[in-house]
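Written below as C-alpha cells is the structure these notes are about.
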Amino acid sequence: MPGLEDLYREIILDHYKNPRNRGELPEPAISVEGHNPLCGDEITLYLDVADDVVRDVKVSGQGCSISQSSASMMTQAVIGRSVTEVRAVIRRFKSMMAIEEDGLEATDAEISLGDLEALQGVVKFPVRIKCATLSWNTLIQALDEAG
Amino acid sequence: MTPSAVASPDWQRIRSDFPVLRREIDGRPIVYLDSANTSQKPESVIDAMASFMREGYAPINRSAYRLAAAATDAYEGARSKVARFINAARPEEVVFTRNATEALNMVAQSWGRKNLRPGDAVVLSHMEHHANIVPWQMLVDQIGIELRFIPLTDDGLLDLDGLSALLDGARVLSVTAMSNVLGTINPVERLVAAGRAADCMVMIDACQSVPHGITDVQAWGADFVAFSGHKMLGPSGIGVLWGSSEQLELLPPFLGGGNMIDDVRLDGFTCAPVPAKFEAGTPAIVEAVGLGAAVDYLESVGMANIRRHEMGLTRYAIDSLRARYGDDVVIHGTDNVELRGGVLSIAFRDIHPHDLSQVLDESNVCVRAGHHCAKPLMRLLGANATVRASLYLYNDRSDVDALVEGLDGASDIFGL
C-alpha cells in the first residue's frame, strides 16, 4: 500500500500552508466557479488573458491540501505563458494524473511541470485525483470562455 | 409474535457476526465508523440471501409451480417481518422500494402531483438530507409550490417556536426523524401532531432512526414513513415506504408495468391492490429476503439494547475527543446523548476533512468526509465538509479510541 509520504510531500504542504496567487482579479478578468461534488469544495478561478498570453491567474475558495496546493502550483506554472503553452501544460498534468482526454501531443513531453511533479503520488490514491484536478478543470473552462 | 431479545447482549459476539469486521488490512483490523452511510452485514443476512439464491430462487406472484409459491412466501414473509418490526397495522402497509430516496420521491411525485396546486406550501427542515429536499424542489419547478424550512437552534435541534406559523396554510410537512449530520433525534410525535392540526399530509424520513431504535409507526401517526434496508444490516437495493392504508389506497401508482396492474386493455389499465400497485416489475426478491433476515437479527439483539449501547458509546466518544483535544475539536450538534444518535460530525484543527479521513484511513479508520448530502445544513454550519464518524451495534470503545488516536497522526503531518 502506498504510504502517506507519497501523498503529502513537503512541497505540497508548503503550497497548502502558503498558497501562491490566492485572491481575486477585477473585471474584465474572467471568473469561473469549480465544484468537487464529492467533498463539497468550491473554488473560484480568475483568469486574465490578453494577446493570447495568460497574464494573471488567481484562485479563491476552500479545499483540501491536495486541491489547494495543486491550484497554487498551477498558477505558478501557467502565468506568463501563451494560451497554447498553457493547454500543453494542462495536457501534461492530466496525463500525469492518468487522465488522457485529448491525447498528448508529441511536443508535450518537453514541458517541465516543475514543482507539480510532487503531485505524482496522488495517482496512487485514486479518490484524490478529483481534488488535484479541480483547479485545472476550472482553468480549462475559463480558457474556453476566453475564446 | 416478536422474538424476545436478550436482556444484555454479548457485544463482542455480535461484532464477530460481521465478516468484514473480522478482516484485516495491512495486518490491522478495520475500524468501521461509517454506518450512517451504510451498515455492515451479519453472516445471517449473507447466508439467508445466498441460500435463497441456491435453493429457493424463483419469480414471485406469477407462476403456479411450488418453487415460485415458496419464493412468493419468502418475499411476503419479509414484508410481514418489516411490518412487525415497525409496528405497522398490516403487512400491506409496507411497500418495498429501491431505497428511502425512491420512497420519498414516490410520495413527492405521486401524492404531490395529485394534490398540490401552484402556491401550495410544503414545510421541510433545515437539517434534511438532499433526498427530502430535491424531490420537493422538483415540484417547485413542475407545479410552482412554495417551500418553507423549519430553522435550527444553535445546538442543532429543530427550532419549533415558529412551527405553527410555518404550518399555517401549508399542505405538507416532511421531516427527518434523525439528522444524518448532527445526529439530532427529532420529536416525531410532536411534529406529526402539529402537522395534523394544520391539516397537512405528514411524511417522516426515518432512514437514520429505524436502524438504531424502536420504531412504532402507529404511535407516530404519520401518513408516510420512508427508510432504507442497507443502513439496518440489510442489503443495498431495497427500501421501504410505509403508508397508512387510507393514504396508500388514495395514492396513484408511481411506476407502471407488470405486477402493479389488475387489468390492461388498449384503452387503459386498472391497478392491483396495495402494495402490489406500487411494486411494478420484478422487485428485489433476494434483497427482501436479506432485509427480513436483518430484521430478525436486530430483533434478536433488541432495539432498546442497541439504542442504549449507542448512547453509551456516543457519550464515550464525545468525552474522549473533548478530553484529548479540548477546543481543537468541534463536535456539531447537541451534547445531550438523550437527544442525539451515534452520528458525530467533527472539525479538527483546521485540517480539511478530506485530509483527515485520508490520514485516518492509514489506521483503517473508515469515516465519511464530505457534505453528507445535506449541503443546506452544511452552509448553515459554515463548513463545506466535515468528517463524520457514525456508530452502530458492532462498534465498541476500541473503535472510538482508534479514531481519537488517529486524529493525532493528522496533526503530525500538517504540523498543527
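The values are calculated or read from the model by the stated rules, or taken from the named source; none is laboratory data. Computed from a predicted model, the values in this text were never measured in an experiment. When we count neighbours, we look across all protein chains shown, and the Cβ atoms used for this are built from the backbone with ideal geometry, even at glycine. Quick note on the areas: whole protein, heavy atoms, side chains included, nothing else; ligands and nucleic acids left out. Shrake-Rupley method; radii C 1.70, N 1.55, O 1.52, S 1.80 Å.
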inquiry  = Tell me which of A:Thr84, A:Ser31, A:Ala71 sits at the most positive position along the dipole axis of region A:1-85, charges placed on C-beta atoms (Lys, Arg +1; Asp, Glu -1).
reply    = A:Ala71
message = Below 8 Å between Cα atoms, with a sequence gap of 6+, how large is the relative contact order for region B:27-163 in percent?
response = 13 percent
note = Rounded to a whole number, the Stokes-Einstein D of the protein assembly as shown in µm²/s (Kirkwood radius over Cα pairs; 25 °C; 0.890 mPa s) is 95 µm²/s
remark   = Long-range share for chain B, i.e. C-alpha pairs more than 41 Å apart as a percent of all pairs, stands at 17 percent
message = Buried accessible area between A and B (1.4 Å probe, both chains summed, ligands and nucleic acids excluded), in Å² to the nearest 100?
response = 1700 Å²
inquiry  = So, for the protein assembly as shown, what is the accessible surface per residue at a probe of 1.4 Å, expressed in square angstrom?
reply    = 41 Å²
inquiry  = Under 10 Å, Cα contacts only: if you run a Gaussian network model on chain B, which one of B:Ile143, B:Ile204, B:Ile306 comes out with the highest mean-square fluctuation?
reply    = B:Ile143
key: Separation of the B:Ile25 and A:Leu113 label points, Cα + 7 Å toward Cβ, nm   = 2.5 nm
message = Restricted to Cα positions, what overall size does region A:4-146 have along the principal axes? Three whole-Å values, descending.
response = 42, 35, 25
query = What angle do you read, to the nearest 10 degrees and between 0 and 90, between the alpha-carbon axis of helix B:285-301 and the longest principal axis of chain B?
reply = 50 degrees
ask   = Given springs between every Cα pair under 10 Å in a Gaussian network model of chain A, which of A:Thr107, A:Thr75, A:Thr44 has the largest fluctuation?
value = A:Thr107
query = What part of the accessible area of the protein assembly as shown, given as a whole %, is carbon or sulfur when the probe is 1.4 angstrom?
reply = 50 percent
query = What residues have an amide H closer than 5 Å to that of B:Leu173, excluding those fewer than 5 places away on the same chain, when H is modeled at 1.01 Å from N in the peptide plane?
reply = B:Val123, B:Met201, B:Val202, B:Met203
ask   = What accessible area, in Å² to the nearest ten, does a 1.4 Å probe give for B:His130?
value = 50 Å²
ask   = In what order, largest first, do B:Asp223, B:Asp328, A:Asp6 sit by accessible area if the probe radius is 1.4 Å?
value = B:Asp328, A:Asp6, B:Asp223
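Just the ratio, please: alpha-carbon radius of gyration of region A:53-134 over 2.2 N^0.38 Å, N its number of residues.
Values: Rg = 12.4 Å, N = 82, 2.2 N^0.38 = 11.7 Å.
So the Cα radius of gyration is 1.05 times the expected 2.2 N^0.38 Å.
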ask   = What is the spin-label model distance, in nm, from B:Ser236 to A:Ile99 if the labels are put 7 Å beyond Cα along the C-beta direction?
value = 2.3 nm
key: Residues in region B:139-172 reached by a label modelled at B:Arg379 [backbone nitrogen below 16 Å; 7 Å Cα→Cβ]   = B:147-152
task = Between B:Leu255 and B:Asp159, take the C-beta separation as r, use R0 = 35 Å, and let me know the FRET efficiency to the nearest 0.05.
result = 0.40
query = Which percent of Cα pairs goes in each bin when the distances of region B:91-220 are cut into 10 angstrom slices starting at zero?
reply = 12, 45, 36, 6, 0
Interchain or long-range residues, amide H under 5 Å from B:Ile145's placed H = B:Gly119, B:Val140
task = Provide the solvent-accessible area of A:Ile99, counting protein heavy atoms only and rolling a 1.4 Å probe, rounded to the nearest 10 Å².
result = 50 Å²
query = Whose amide H sits under 5 Å from the amide H of B:Asp34, counting only residues 5 or more places off or on another chain, with H placed in the peptide plane?
reply = B:Ser390
request  = Determine the gain in length on full extension of the stretch B:Asp47-B:Asp10; use 0.36 nm per residue of separation and subtract their C-alpha separation, reporting nm with one decimal.
outcome  = 11.2 nm
request  = Given a cut-off of 32 Å, name the pairs among A:Lys130/B:Lys114; A:Lys130/B:Lys81; B:Lys41/B:Lys277; A:Lys130/B:Lys277 whose C-alpha atoms lie farther apart than that in the structure shown.
outcome  = A:Lys130/B:Lys114; A:Lys130/B:Lys81; A:Lys130/B:Lys277
ask   = At q = 0.13, 0.18, 0.19, 0.21 Å⁻¹, what is the log10 ratio I(q)/I(0) for region B:1-120, with the Debye formula run over Cα points and no solvent?
value = -0.86, -1.23, -1.27, -1.32
key: Qualifying lysines (Cα of each under 18 Å from Cα of A:Lys17; at least 8 residues distant if same chain)   = A:Lys58
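Can you compute the helix-only [θ] at 222 nm over the protein assembly as shown? Use -39500 (n - 2.57) per DSSP H run of at least 4 residues, normalise by all residues, nearest 500 deg cm²/dmol.
On the way: 21 runs with 217 residues, N = 563.
Helix-only estimate at 222 nm: -11500 deg cm²/dmol.
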query = Between B:Asn61, B:Asn395, B:Asn305, which gets the highest mean-square fluctuation from a Gaussian network model of chain B, Cα cutoff 10 Å?
reply = B:Asn61
note = Computed over region B:47-300, the relative contact order (Cα-Cα under 8 Å, seq sep at least six) in percent reads 24 percent
note = Expected vector for region B:190-202, Karplus 3J(HN,Hα) from phi with 6.51, -1.76, 1.60 and θ = phi - 60°, integer Hz, x for Gly and Pro, equals 5, 5, 4, 4, 5, x, 4, 4, 9, 6, 8, 6, 10
key: B:Phe269 versus B:Ser63: modelled label distance in nm, points set 7 Å from Cα along the beta carbon direction   = 2.2 nm
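Rounded to the nearest 5, what is the percent of antiparallel bridges among the DSSP beta bridges in chain B?
Looking only at bridges with both residues in chain B, the antiparallel portion is about 60 percent.
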inquiry  = Using the Karplus curve 6.51 cos²θ - 1.76 cosθ + 1.60 with θ = phi - 60°, what ³J(HN,Hα) values do you get for each residue of region B:327-340, in whole Hz, with x for Gly and Pro?
reply    = 6, 6, 10, 10, 10, 5, x, 6, 7, 7, 6, 5, 9, 9
Probe 1.4 Å - accessible area at B:Asp267, Å² to nearest ten = 140 Å²
message = Please check region B:350-391 for residues whose accessible area, probe 1.4 Å, is lower by 50 Å² or more when all protein chains are in place than in their chain alone.
response = B:His352, B:His354, B:Asp355, B:Gln358, B:Glu362, B:Asn384
inquiry  = Quick one: 3J(HN,Hα) in Hz for region B:371-382, Karplus 6.51/-1.76/1.60 with θ = phi - 60°, rounded, Gly and Pro as x.
reply    = 9, 6, 6, 9, 5, x, 5, 4, 4, 5, 6, x
Order of exposure, largest accessible area first, which applies to B:Glu189, B:Glu362 with probe 1.4 Å = B:Glu189, B:Glu362
